[in-house]
Amino acid sequence: MTVGFRALPFALASGLLACATSVAAEEGDPEAGKEVFAYCSGCHEVGKGAEHGIGPHLNGLFGRQAATQEGFPYSESFKRAGTGGLEWHAETLDVFLENPTAIASGTRMSFDGLEDPQERLDLIAYLRRFSDNPRDIPEADPTIQGMDHDLDSEILALVGDPEYGEYLSGECVSCHQAGGANDGIPSIVLWPEEDFVVAMHAYKNKQRNHPVMQMVAGRLGDEEIAALAAYFGQLTTE
């Protein structure tokens, strides 16, 4: 269970699919990000009058499927990533900016990535300024926010087995900390069980738009989701 990812289903092995870096809990400084953009400006333009160069311009990036900017000759690697489900959101950008080849290898890009998480946050905040409706675009897709649902009452009534949940939790704790820390990845410890179940089924039913979480939740049955909810709901925090 994750709210973001460090590897993508169309690029890397299944063992890493659930490992994600969510930037939903943090905000970057767009002014600092403007300076970080210097790393990108040799190939990309952004802002009023931006045009394609060595790389595509980066206006209207958020929410767009990868490799779909009209008029730019993308590599086959990026095209495959886009048709495989990659969309540009805060989480996907964070992964890409850390290690571009983790998402698409064999491209013309010579950029090695940004190791500093704060630089990535700042750059993402800067790029958000040039989205179509930046005020309406969250730092990351909804995760721990409440939502209306029509989930079957029988699913909500399932009593999960926390021991089974602990057994299943290996994927989750590869990113989320079992101690409840929020070091860049929102905690799922002591999350109300019903909210946990509702969120996971929303991913499973594709009501929440997050390709990796949709894949992870899609592999889980109702009892497995209930077990994970029971396990994380009873953990104590550090």
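There is no residue in the stretch 170-187 that is touching a helix residue (DSSP H, G or I) at 6+ places or on another chain (Cβ under 7 Å), among the small types (G, A, S), in a helix (DSSP H, G or I) and modelled with pLDDT of 70 or more.
Residues in the stretch 56-76 that are free of Cβ contacts under 8 Å to residues at least 60 places away in the same chain and either surrounded by fewer than 19 Cβ atoms within 10 Å (Cβ to Cβ) or outside any loop (DSSP other than H, G, I, E, B) (or both): R64, Q65, T68, Q69, E70, G71, F72, P73, S75, E76.
Does any residue of the stretch 30-43 turn out to be within 18 Å of L121 (Cα to Cα) and in a loop (DSSP other than H, G, I, E, B)? Working first, answer last.
Applying the first criterion (within 18 Å of L121 (Cα to Cα)) to the stretch 30-43 yields 30-41.
Now narrow it down to the ones that are in a loop (DSSP other than H, G, I, E, B): 40-41.
Yes, some residue in the stretch 30-43 is within 18 Å of L121 (Cα to Cα) and in a loop (DSSP other than H, G, I, E, B).
Checked against (1) of a type in the set (F, W, Y); (2) at pLDDT 80 or above; (3) in contact with a Lys or Arg (Cβ under 9 Å, 6 or more places away or on another chain), F10 meets all criteria but (2). Within the stretch 195-221, residues that are under 19 Å from A90 (Cβ atoms) sit with their Cβ atoms under 8 Å from residues that are of a type in the set (D, E) and open to solvent by less than 10 Å² (accessible area, probe 1.4 Å), at 6+ positions apart or across chains, in these pairs: H210/E91.
The values are calculated or read from the model by the stated rules, or taken from the named source; none is laboratory data. Predicted model only: the values in this text are computed from it and were never measured. Counting neighbours? That spans all protein chains shown, and the Cβs are built from the backbone with ideal geometry, glycine included. Calculation scope for accessible area: heavy atoms of the full protein, side chains included, ligands and nucleic acids excluded. Shrake-Rupley method; radii C 1.70, N 1.55, O 1.52, S 1.80 Å.
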